[in-house]
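The values are calculated or read from the model by the stated rules, or taken from the named source; none is laboratory data. Quantities reported herein were computed from a predicted structural model and do not represent experimental measurements. Virtual Cβ from ideal backbone geometry, glycine too; neighbours counted across all protein chains shown. Ligands, DNA and RNA are excluded from the accessible area calculation, which covers all protein heavy atoms including side chains. Shrake-Rupley method; radii C 1.70, N 1.55, O 1.52, S 1.80 Å.
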Amino acid sequence: MTTRNLALAALFISLSAIGGMLKIPLGIASIALDAMPALVAVLFLSAPLAGTVAALGHLASALYGGFPLGPFHVIIALEMALVIWLFAVLHRKDYKIGKWVAFVLGNGIVAALPFYFLLSPAFFYASVPGLVIASAINALGAGTVMSIMASRFRERVK
């Protein structure tokens with residue numbers, strides 16, 4: 001790992017932690033704008049590193065919310081890392097619409113699926129609408145920032 005990538009990862013983790021402070025009042029205390037910087041990090045970092053940004057950003061967001069789901073936040077952080085990794089792979093393959101659909105569905109529905117069995121079906125059904133809305137907000141913000149950055153920093157963006 002180069003010093004540049006380490007510094008960029010630290011920057012995006014910090015931005016993700018700040019985004020974690022911006023809560024979206026949709027039922028669960030840990031729904032926030034922590035995924036947006038991880039999505040933007042895909043422009044500059046490898047898929048595993050962008051996934052790490054997402055995982056650490058979620059843990060920071062959960063910390064600000066008081067870890068309402070306790071140790072389950074480790075599972076959520078791993079799920080977010082996988083979703084951002086998939087997003088990064090699709091971005092590299094130039095799937096313009098598919099990467100956004102995969103992010104919103106993966107982060108909003110698929111990531112909540114284990115909690116259907118771990119907690120309860122009621123928790124799953126109550127959390128999915130908020131998660132989908134929050135994922136769409138994160139995607140919309142990241143898409144806006146990514147289009148601006150890609151046009152301004154074309155030579156530096158992968």
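Give segment 91-101 a look and list any residue that's open to solvent by 30 Å² or more (accessible area, probe 1.4 Å) and either closer than 18 Å to residue 127 by Cα or not hydroxyl-bearing (Ser, Thr, Tyr) (or both), or say none. The answer is 91, 92, 93, 94, 96, 97, 98, 100, 101. Evaluate segment 70-84: report whether one residue or more is modelled with pLDDT of 95 or more, more than 12 Å from the chain's Cα centre (by Cα), more than 15 Å from residue 12 (Cβ to Cβ) and of a type in the set (A, V, I, L, M). Yes; the residues of segment 70-84 include at least one that is modelled with pLDDT of 95 or more, more than 12 Å from the chain's Cα centre (by Cα), more than 15 Å from residue 12 (Cβ to Cβ) and of a type in the set (A, V, I, L, M). Restricting the search to segment 91-132, which residues are outside any helix (DSSP H, G or I), in contact with a Leu (Cβ under 9 Å, 6 or more places away or on another chain) and at pLDDT 95 or above? Once the filter is applied, which keeps residues that are outside any helix (DSSP H, G or I), in contact with a Leu (Cβ under 9 Å, 6 or more places away or on another chain) and at pLDDT 95 or above, segment 91-132 yields only 109. Scan segment 32-57 for residues that are in contact (Cβ under 8 Å) with a residue 40 or more places away in the chain and in contact with a Pro (Cβ under 9 Å, 6 or more places away or on another chain) and the total you get is 2. If only residues of segment 31-90 that are in contact with a Leu (Cβ under 9 Å, 6 or more places away or on another chain), surrounded by 19 or more Cβ atoms within 10 Å (Cβ to Cβ) and among the aromatic types (Phe, Trp, Tyr) are counted, the one that is nearest to residue 119 (Cα to Cα) is 87.
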